[in-house]
Structures are given as C-alpha cells and as structure tokens.
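The values are calculated or read from the model by the stated rules, or taken from the named source; none is laboratory data. Note that the coordinates shown come from a computational prediction; the quantities given were computed from them, not determined experimentally. Because the Cβ atoms are built from the backbone with ideal geometry, glycine has one as well, and the counts that use them run over all protein chains shown. The accessibility values were calculated without ligands, DNA or RNA, using every heavy atom of the protein model including side chains. Shrake-Rupley method; radii C 1.70, N 1.55, O 1.52, S 1.80 Å.
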Amino acid sequence: MGSAVFKGGIHPDYHKEITASMAVSKMKAPSTVVIPLQQHIGAPCEPLDGIEEGVRVKMGQKIADSSGFVSAPIHASVSGTIKTIGAYNHPLGRPVKAITIESDEQEEWDEKVKPPGNIDDLSPDDLRKIIREAGIVGLGGATFPAHVKLSPPPEKKIDCVVINGAECEPYLTADHRIMLEKPEEIIYGLKLMIKALGAEKGVIGIEENKADAISVMEQAVAGEENITVAPLHTKYPQGAEKMLILVTTGRKVPSGGLPLDIGVVNHNVGTAVAITNAVREGKPLIERVVTITGSGINKPANLLIRVGTLVSDVIEVCGGLKEDTRKLITGGPMMGLAQPNADMPVIKGTSGILALTDQDVYIAESSPCIRCAKCVEACPVQLLPTSIAQAAEHDLFKKAEKLHAMDCFECGCCSYVCPSKIPLTQWIRVAKAEIAKANKK
Amino acid sequence: MDNNKMVVSSSPHIRSIESVQSVMTDVLIALFPAALMAVLLFGYQALITMVISVATAMLAEALWLRKRDIYSDGSAAVTGLLFAMVLPPSPPWWLVVVGAASAIIIGKQVFGGIGYNIFNPALVGRAVVVMSWGGHLVGRVWSQPQPFAFTADISAVTTATPLSGQEEALAVSLTNLFIGSAPGCLGETSALALLLGAAWLFYKGHIDLRIPGGFIGVVFVMGAVFGGGFYGGALTTGLFHVLAGGVMLGALFMATDMVTTPVTTKGKLIFGIGCGIITMMIRLWGTSPEGVTYAILLMNAVTPIIDNFTVPQQFGGVKKSA
Ligand code: SF4
Ligand code: SF4
C-alpha cells in the first residue's frame, strides 16, 4: 500500500512540526458559550420546547433539533443558564441564531447521558439513532451529519468504510494527535460503522508524514482481520474524499456521484472517536480537538474545546495573537475561512484556528495568465482551472459548466501554484454559484 | 486585537513562492549553458549580439509599457535572449535591434502584452528580419565556429549550415553536432548545452516532456524513414535531423514557451508532434533547408483549437458519446 496515487495535487510547506508533538490538553470550559443552531450541512435546528432565556440546562442536554433527516441536534456544552437566544457571528459568514449559555461551573451532566446498555444487542438502526441523537457530524470540517452517511438507501450495498487520517491540510495536527492518543476509540468507532452499514471491511488512510501515527494505528489493528492501515503519500489534497477513496480502495467516485455509489462510506478519525463516545458512554458531541497554530499565535496547542467556546477565548488561552497578525482562519490554510475577527464560536466543524503574520499572508496583485499549465497539472480532478476562471471572468457560465466547473471541490491547488497569482479558486467558486443559480430556475 | 487589520480573503490562504519573474529567471538560467557555449564557439561577436538583443528587448518593453523597472517580470529578457539565439553569431547590430524590438512590439505587445500573444515573440522577430533582410540570414552566411578564440573575427570565414546539402551535412560528425561545433545559429548548435538547460526547466517543473518529446521523436522517425539514409544509414540520418539546425533549440525552448502552446496534456503532445511533422515536411520536401521557425509559428496559430479539442476527462467522468 501507499503506492496508489491520484493525479495532480501539491506539496506545500506543512508547518505541522509546530504542534505535532503537543499532546491534546483540555481547555477549561469558558464562562460563556455561544452555541449556533446550525453547525452542520442540512436543515437548521430550532430550540426545543422549554429552551428559553433564563432556563437552566445541563451539560449534554439536547437544546435544539430539527425534523429534517439531513440535520443534527445541538447540545449544551456546559451546565448553566440560558442568557440569550439570537443571531451571533458564525464562522461560515452570516450570523446564525445561537443559544448563549452562562456556565455555572457545576459541569453537571444531563441524566440522559448514560451508556445505552449492551452494545452487542444494538441493531444497525439503534446505532444510527444513537449517533443522530448525539449530534455527530463530520469532524474533518465537512460537517455532514454522520447518521445520514450511515443510512445508505437499501439498493446501495456498502462493503468498505474508509477512515480519513490523512490530515493533508498544512498546519493542522488535531487528527494526528487523535490517532496517537485514541487509537482504540478510532478502531471501535470504525467497527460500529461497519456494523451499522453491514459492511465487510475498513481501511484507515494516513499520510506518511505521520509515521508515528501509522505505527500506533497498525498496532491497534493487529488481530483485526478486516481492518487495515494504508500509508499514503504526503500530498495535498490526499484527504479529500475522492482522492482518499481512490488511493485506499482503487475506486473512483463518479463525477456528480457519492462514495456510496461505489460501495464506500468515509468518515474522519475524529468522527470515529465521537461515535465511540456516543455509543459506549452516551455522550453527545459537545467538544472537539482543535489545532491552534500559525506564526501569529503566541502559544500554539492542540486543545480539546467545548463547542460554543469563543475563538477569542481560545486565543487568549494560547497566549494571544502576535502584534503583526494579519489573518485569522478557521480551518486549514487551503480550505479554511478567513475571519474578520475572533468574536465567533468554535463549532463542530472547526478543525483549526490559524493565525498568520504579515510574512505568511500573501497579498499580491495578479497578473495575466502565462498559460504555464501549472494549475492544470495541480488540479486533482483534472479540470482546466485557467479556462474556467477565464470563462467566469467574462460571464461565460455556460462555457464554465461545459468545462466541468461543478466538479471543482475548491481544494485551492490551482490558486496555490499559479505564478501569476490569479485567484482561480475564487473565480471558479463564482462560476459554480452562477451555474447552480441558473440550473435551479 | 485590532480587528481592522485582518485580511479577509478567499481560500487558499497560502501561495507557492513561484512568480512569473521566478519562472522567467529560471528560463534565463536554463539558457545560460547555450549562451556560454555560443561565446566559447563564436567568441565576442556572439556575446555582443546577445547583449544588444536582450538590452533592446527589455528597453522596448519598458518604453512601450512606460515602466521604470527594466527587468520587471523577466519575460522581455527571455525573448531577447531567445531572439539572439536564432540569429547568425555576428549579424549587423541594427538588424539585431530591429528584430528584438519587433519581437517585443509586434510579437507581444500589440496582442496585449504577456499572456495574450498568439505567436512566439522571438520567432516573430526572426520572421521579420528574414523577410526584410534575408541576405543576412539565408545561404552561405554562417560562420565556422572557432572554439576558445574569444577575440577572433568569426565573420571572416562563412559557409552554409549542415542542413543546406548532403555535402555540408557529411562535413560534420554527430559528435560535433551534439557538442555544437558546427555552423549555425548562435544558440542552436550545441544540443548538449540545450539539454542541460532543459533539464533544469524540467526539474523546476516548467516544461512538460510531451512537447519536446513529440517534436524530437517525430523528427527522428521522419528523418530515419524519409531522410534517404544519406548520413550513414537510416538511424544516423534520423539522429542527424534531430541534432542539426534548430530542432533542439526549437523543441526545448521555443515549442515549450508557455504562453503560445497548449495547456492540456494531450494538447501538448499534439503540438509537439505537429511541430515535428511540419519541420520535416519543410526540410525534406520544401524549398527552405530549415523549417523549425515556421513549424512552431504555424502550431502556435492552432493552439487555441488544440486546447478546445483536448479538454481532459474530469475525475470520475464518463465520455459522452458525441
Ligand atoms: S480548486 Fe477546483 S479547479 Fe482548482 S485545483 Fe481544486 S478542484 Fe481543481
Ligand atoms: S497556473 Fe496561473 S498562469 Fe499558469 S496556466 Fe494556470 S492560471 Fe495561467
């Protein structure tokens, strides 16, 4: 293994050494948490009956839910009193309705948080229900509700579960630490997924730059006959769904299709641990591991953080920002989102908080395309980024669609390599939005 | 935290350190072995030709764009050096000036500047001077190399290139052609120096082997099959066609010019093969002994069409039955 490759991709500076050797430490729960009612792809949640300002809630108590299938409920991450319910800044851009809880520092668990009994007796449906009720979403950053991925339509037979331990985004080390520190939970979670799906086997893909994680995970799977560890080349975006599945299973997700079309379901290592915690202990998803790093952070760290903790509080715990910090990013540097300030909560999908100083922030004017084809070579889905971007620039969205703009998953490789510094990914995003709009009509 | 100073821009948030300038500088570095070889073979006159050409090209571009930064993105210097390399080693200075300025202005700026030109600017410059002052570039105008004689006046003895006829061809050995000790354009004679430079470009990821591979491959095959085997057999005749004249310089440095060649992988192969076929059609069955310039310019013209017809299959996509 480790020999399979995907076409394209890039080799950026990884900067993972900043935090790779730092064990995950628990950040003390803050005095106030702000919990957005939308932290997943799908229908937003609404506060449950009785969840109002002034009401006391307990840790792990479900406070919001939705009747939509593609959705995931929200839980209180501290015990305390609800102060307000209203719009608050959100990492995804627009303010979103959120429940603000003032902690009473009692850390009192909700009574409903308890082991569900004999795990061997749980049916696949029971498992899916537990996972849904625990509010688990894809923790790699995609935030797709986990139970939905575990509920394929009956005509799609799933035989293989792929666990993503690639962590190909530069700087981030959260998944790396999870693999080193929670191997047993990852394998257990994987087995639960295999059971829920009626699958036959599981494979855990890890980039070769995490040799220690590979050996820890290999030890952990010793004796499991249907689970393997696949060392992967270190190349961004190795952890992207389509690339990861190709190199671990040899199967290609069809254009416009889903992994389940080829019998595969994939989940992140963090998600596997969350599933284990939910099924073994009944714990909902109220905290996650976040890497806080970059040239602008005084004390980088890997922290276990309560969902709803303000980014500003996290940064304070990490010694604050350096004077010349120019960019604050939630997520990784390739696909993360630049934030105007730190006044927003950590949500279920926040894998990293990255602060970059002047020297690492690239602000350059773009110049005309010199047709060097580096973007073409870098695109992992074999598009012609330069042509799509040019079409978008000239409002030729039909042409952009013909050039398969909708297959772009915004990995950023094309913009990264472009010597003319053309914001190709941004242009393609514009094209995608326009194409989607036109096709809705 | 001062919120106003945060840059909010679209992902990705990191960029490679490569710039147009760094790419062009890499091309200049890659041309260095050939330039050095030119000076070793043809002496100070070759050096002067190159200096005039590069200076004129940079100046013409700076004046046209009203820019003070004369090196700027480096592309004008590249064009200037490449233009010098397709001239005889000691042409009149005014011819170099007019040609280099034409390369920049007619070859590049009138199209809208870097990135927008359709034809290889250096070859446009060459086409201009060949059409206007052909007497200086066609026939027995080619200096014999005088290795390591820096101050020698090479214009004293001139001859025809090995491509002009069988007699001239047989006068040079393959080894001399490979090293570069043969009459010809200033920068085209040494395959060795050109290959060294191209290896650097390949190492830096600036060229794709499909273009030179297709070009050189076709020249070899057509030379071997249709060349009449006059150069000691079919294979050696093929090799002769690869090493003599402008194929190496053209295939490694002109046909790999980024702006004027296809961006698709398939397109690059087609481009290279097309250049090879046209070059050999001119050499074997045309009126002119050499065809590299026009082969590349013709293929430049069809580059947009090639790109359009070679859009790659996207990941997981299926061929639509057209
Ligand atoms: S952002 Fe889109 S077009 Fe650019 S490299 Fe990634 S997938 Fe290809
Ligand atoms: S990488 Fe930039 S300069 Fe090169 S072809 Fe793509 S868009 Fe053009």
By the Kirkwood definition, with r running over pairs of different Cα atoms, the range A:348-388 has a hydrodynamic radius in Å of 13.6
For the range B:20-309, the charge dipole (Cβ of Lys, Arg +1; Cβ of Asp, Glu -1; about the Cα centre) points to a positive end, and the Cα of B:PRO262, B:LEU201, B:ALA171 closest to that extreme belongs to B:PRO262
For the range A:115-281, the percent of accessible surface on carbon and sulfur atoms (probe 1.4 angstrom, ligands and nucleic acids excluded) is 52
Note to self: C-alpha centroids of the range B:33-70 and the range B:248-287 sit apart, in Å, by 25
If R0 = 25 Å, then A:VAL70 and A:GLU184, at their Cβ-Cβ distance, give a FRET efficiency to the nearest 0.05 of 0.25
With every protein chain in place, the accessible area of B:LEU209 for a 1.4 Å probe, in Å² rounded to the nearest 10, comes to 100
A chain fully extended from A:LEU258 to A:ASP343 at 0.36 nm per residue, minus the present Cα-Cα distance, gains in nm 27.1 nm
Restricting to Cα pairs under 8 Å and 6 or more apart, the percent relative contact order of the range A:330-375 works out to 38
Excluding ligands, DNA and RNA, the carbon-plus-sulfur percentage of the accessible area of the range B:1-118 with a 1.4 Å probe reads 69
Eigenvalues of the alpha-carbon gyration tensor of the protein assembly as shown, times 5 and square-rooted, give semi-axes in Å, largest first, of 62, 27, 21
Under the helix-only model (-39500 (n - 2.57) for each DSSP H run of 4 or more, divided by the residues of the protein assembly as shown), the mean residue ellipticity at 222 nm, to 500 deg cm²/dmol, is -11500 deg cm²/dmol
With the dipole of the protein assembly as shown defined by +1 on each Lys or Arg Cβ and -1 on each Asp or Glu Cβ, the option from A:VAL346, A:ALA213, B:VAL124 whose Cα lies farthest towards the positive pole is B:VAL124
Eigenvalues of the alpha-carbon gyration tensor of the range A:327-427, times 5 and square-rooted, give semi-axes in Å, largest first, of 27, 16, 12
Extension length gain for A:ILE363 and A:LYS201 (0.36 nm per residue less Cα distance), in nm, is 53.7 nm
Of all lysine pairs in the range A:306-414 that are eight or more residues apart or on different chains, those with Cα atoms under 26 Å apart total 4
Sorted list, accessible surface of protein heavy atoms, 1.4 Å probe, largest first, for A:LYS440, A:LYS432, A:LYS210 is A:LYS440, A:LYS432, A:LYS210
The percentage of the accessible area of the range A:374-440 (probe 1.4 Å, all protein chains present) made up of carbon and sulfur atoms, to the nearest whole number, is 56
For the protein assembly as shown, the dipole about the Cα centre with charges only on Cβ (Lys and Arg +1, Asp and Glu -1), to the nearest 20 debye, works out at 1640
Log entry, pair A-B: total buried accessible area, probe 1.4 Å, protein chains only, in Å² rounded to 100, is 4300
Pseudo-spin-label distance B:ARG68 to A:GLU208, built 7 Å along Cα→Cβ, given in nm, is 5.0
In vacuo Debye sum over C-alpha of chain A, base-10 log of normalised intensity I(q)/I(0) at q = 0.06, 0.07, 0.08, 0.10 Å⁻¹, listed in q order, is -0.25, -0.34, -0.45, -0.71
Over the protein assembly as shown, with neighbouring protein chains present, the accessible area per residue in Å² at probe 1.4 Å is 40
For the range A:374-440, the dipole about the Cα centre with charges only on Cβ (Lys and Arg +1, Asp and Glu -1), to the nearest 20 debye, works out at 120
Quick tally, 1.4 Å probe accessible area for B:THR287, A:THR228, sorted with the most first, runs B:THR287, A:THR228
Zone reached by a paramagnetic label modelled 7 Å from A:LYS26 Cα along Cα→Cβ, restricted to the range A:78-100 with backbone N below 16 Å, covers A:78-79
One computes Rg over Rh for the range A:374-440 from alpha-carbon atoms, with the Kirkwood Rh, and obtains 0.94
Using the Kirkwood formula on alpha carbons, the hydrodynamic radius of the range B:99-158 in angstrom works out to 13.3
Between the Cα axis of helix B:20-42 and the main Cα principal axis of chain B, the angle (0 to 90°, nearest 10) is 10
So the FRET efficiency between B:PHE309 and A:LYS129, C-beta based with R0 = 45 Å and rounded to 0.05, is 0.25
With +1 at each Lys and Arg Cβ and -1 at each Asp and Glu Cβ, the charge dipole magnitude of chain A around its Cα centre, to the nearest 20 debye, comes out at 1260
Within the set B:SER72, B:SER16, B:SER155, GNM on chain B using Cα springs under 10 Å gives the largest fluctuation to B:SER16
GNM of chain A, Cα pairs under 10 angstrom: of A:SER351, A:SER312, A:SER123, the biggest fluctuation goes to A:SER123
Taking only Cα atoms of the range A:1-154, the Rg to Rh ratio with Kirkwood Rh works out at 1.04
When the charge dipole of the range A:347-441 is computed with +1 on Lys and Arg Cβ and -1 on Asp and Glu Cβ about the Cα centre, the Cα farthest towards its positive end, among A:CYS411, A:ILE388, A:VAL361, belongs to A:ILE388
Beyond 30 Å, the calculated P(r) of the range A:115-281 holds a percent of Cα-Cα pairs equal to 9
Here the percent of antiparallel bridges among DSSP beta bridges lying wholly in chain A, to the nearest 5, is 60
Losing no less than 40 Å² of accessible area (probe 1.4 Å) relative to the isolated chain, the residues of the range A:334-348 are A:ALA338, A:PRO340
Checked against a 25 Å limit on the C-alpha separation, the offending pairs among A:LYS129/A:LYS191; A:LYS156/A:LYS440; A:LYS182/A:LYS283; A:LYS28/A:LYS58 are A:LYS156/A:LYS440
